[in-house]
Amino acid sequence: MKRLLIAGTNSGCGKTTVTCAVLKALTDRGLLVNSFKCGPDYLDTMMHDRIISGSARNLDSFFCDENTLCYLLDRNCDIAVIEGVMGFYDGSEGSAYSVSEITETPVILVIDCKGMSDSIGAVMQGFLNFRIPNRIAGFIFNHLPEKLIPLAKHLCDELHTEYFGCFPKHSITLESRHLGLVTAQEIQDFDNKMHLLSELAEKYLCLEKMLSLPDLPVPAYRKPMLPESGISPVIAVARDKAFCFLYRENLELLENLGCEIKYFSPLEDDKIPEDADGLILPGGYPELYTEQLSENISMLTDIRQKIKSGLPCIAECGGFLYLHEKLKNPEGNSFPMAGIFPGEAYRTSKLQRFGYLVMTAEQDNLLCQKGEILKAHEFHYWESPDCGTAFTARKKDGRYWKCCHVSDTLYAGFPHLYFYANPETAVRFVQKCAEYQSERRQAQ
């Protein structure tokens, strides 16, 4: 399987722009391209999706063991392009370095050369030698003046590595907001911007050299074993501008367990699908659409009634905010929401409890039993007056706190879940949805 990982020296060095340029250029050549993003990122995978008109996925070595990571990578294509996360070595067990080692993938490192000349060599040497072995095959030099291209090539020769091109200064911008880039659907003139990036890639990047990287087998793996459920509950999944933080792998795992996924919009639809046996309210940006969400009274009423009547529900981060009595928008104005949880969710001035965490259940619930452990992550500016006490969350640095509201049919809180980290949680959710389906059909 031909593959490469585009990593960066640090966040903001340009790896997302370079990755988008490479994806678009290879797709424009008529190649079947698969794309992946290291770490628990939603926005970059949405961007990849739109570029390749396919299914971008995440590869997260914090959430997944080595076997699962290789299973998720192994998809038929001409070439797989993986985008790194933060700096190449950052993130400990969830780093791009870790993913490259587990999957045995060659790495092309992006350096932001703005304000440097010969010092570029020191950065290159540092990354090449910081951890040995590593799979750095070569470099792309971002913001490199054309007059310094000979220097960059010389440095590559001197350090016995490969020159994979440069990316000149340009005016193509990808808009951002408080959680990072805006979604691909919101970027103004997206298609034209990607076309221009593709042209830059064809002119300045060594695409043929990328395509000549060795065709390597994916390390041996076993397909994860899932129980034969023999059931087919319908899972209603919120998906629109307000609720868009979805892992494709989570939905595929539910489908592999026999579920039928039906999407709906809390912004536009009157109610959730009539035959729903389960409900997923994912994260996103409900705080940006408070007025429209609040005005959709029929949807709020339907969700409130269904959850209170026992419809199994997973509500993560933005979905959790939506279930509050009220939600403030960025301007500080308050709007009524679904009213499952009392109080008003509000904005804070900084990221709250950002990063990976491990949660221990304090009671039996929809997803697990008391004492069981789930891996998750948080990434949010908005806060709740009551985050719940059903789990104790711990970070690697020793910090811990209580979080989440649960019942036999509900999981709601800020932590995002990745089902392949905890497949048993998906199985329990599906089983509970099947029970609801049986009860619903008997009542008809």
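For segment 36-143, the helices (runs of 4 or more DSSP H) that sit wholly inside it and include 2 or more residues that are touching a residue at least 40 places away in the same chain (Cβ under 8 Å) and surrounded by fewer than 23 Cβ atoms within 10 Å (Cβ to Cβ) are 43-52, 66-73, 119-130. Scanning segment 289-296 turns up one or more residues that are in the same structural domain as F379 (by TED's automatic domain parsing), over 27 Å from the mean Cα position of the chain (by Cα) and under 14 Å from F243 (Cβ atoms).
Would you check if there is a residue in segment 14-21 being out of contact with any strand residue (DSSP E or B) (no Cβ under 8 Å at 6 or more places or on another chain) and not in a strand (DSSP E or B)? Yes; the residues of segment 14-21 include at least one that is out of contact with any strand residue (DSSP E or B) (no Cβ under 8 Å at 6 or more places or on another chain) and not in a strand (DSSP E or B). Within the group I235, I280, I307, I314, which residue is over 23 Å from T45 (Cα atoms) and among the β-branched types (V, I, T)? Exactly one residue qualifies, and that residue is I307. T27 meets each of the listed conditions (1) modelled with pLDDT of 95 or more; (2) part of a helix (DSSP H, G or I); (3) closer than 20 Å to A96 by Cβ apart from (3). Residues in segment 231-248 that are of a type outside the set (G, A, S) and part of a strand (DSSP E or B): V234, I235, V237, F243, C244, F245. Restricted to segment 382-414, and to residues that are touching a helix residue (DSSP H, G or I) at 6+ places or on another chain (Cβ under 9 Å) and either surrounded by fewer than 15 Cβ atoms within 10 Å (Cβ to Cβ) or among the acidic types (D, E) (or both), which residue is nearest to L351 (Cα to Cα)? Selected residue: K396.
Considering (1) assigned to a loop (DSSP other than H, G, I, E, B); (2) within 20 Å of the chain's Cα centre (by Cα), the lone condition that P219 does not fulfil carries the number (2).
Taking segment 255-276 as the range and being surrounded by 14 or more Cβ atoms within 10 Å (Cβ to Cβ) and assigned to a loop (DSSP other than H, G, I, E, B) as the test, the residues that pass are L257, G258, C259, S265, P266, L267, D269, K271, I272, P273, A276.
Yes/no per residue for (1) buried (at least 18 other Cβ atoms within 10 Å of the Cβ); (2) outside any loop (DSSP other than H, G, I, E, B); (3) assigned by TED's automatic domain parsing to the domain that holds M47:
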residue: Y163; (1), (2), (3): yes, yes, yes
residue: C166; (1), (2), (3): yes, yes, yes
residue: Q185; (1), (2), (3): no, yes, yes
residue: S198; (1), (2), (3): yes, yes, yes
residue: N250; (1), (2), (3): yes, yes, no
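Being assigned to a strand (DSSP E or B), within 19 Å of Y356 (Cα to Cα), in contact with a His (Cβ under 8 Å, 6 or more places away or on another chain) and at pLDDT 95 or above holds for only one residue in A412, A393, and it is A412.
Taken together, the residues in segment 177-214 that are at pLDDT 95 or above and charged (D, E, K, R) amount to 5. Residue count for segment 207-225 under the criterion of being of a type in the set (A, V, I, L, M), surrounded by fewer than 14 Cβ atoms within 10 Å (Cβ to Cβ) and either within 12 Å of E104 (Cβ to Cβ) or touching a residue at least 24 places away in the same chain (Cβ under 8 Å) (or both): the result is 2.
Here is the figure for segment 279-297: residues that are in contact (Cβ under 8 Å) with a residue 40 or more places away in the chain and charged (D, E, K, R) total 2. Residues of segment 326-381 that are of a type in the set (A, V, I, L, M) and either surrounded by fewer than 15 Cβ atoms within 10 Å (Cβ to Cβ) or not in a loop (DSSP other than H, G, I, E, B) (or both): L327, A345, L351, L357, V358, M359, A361, I373, L374, A376. Being assigned to a loop (DSSP other than H, G, I, E, B) and among the hydrophobic types (A, V, I, L, M, F, W, C) is not true of C404. For F36, the conditions (1) farther than 22 Å from L197 by Cα; (2) at pLDDT 95 or above all hold with the exception of (1). F429 passes every criterion in (1) touching an Asp or Glu at 6+ places or on another chain (Cβ under 6 Å); (2) of a type in the set (F, W, Y); (3) within 30 Å of G230 (Cα to Cα) apart from (1).
The values are calculated or read from the model by the stated rules, or taken from the named source; none is laboratory data. These numbers were taken from a predicted model, which means no experiment stands behind them. Quick reminder, even Gly has a Cβ in these numbers, built from the backbone with ideal geometry, and neighbours come from all protein chains shown.
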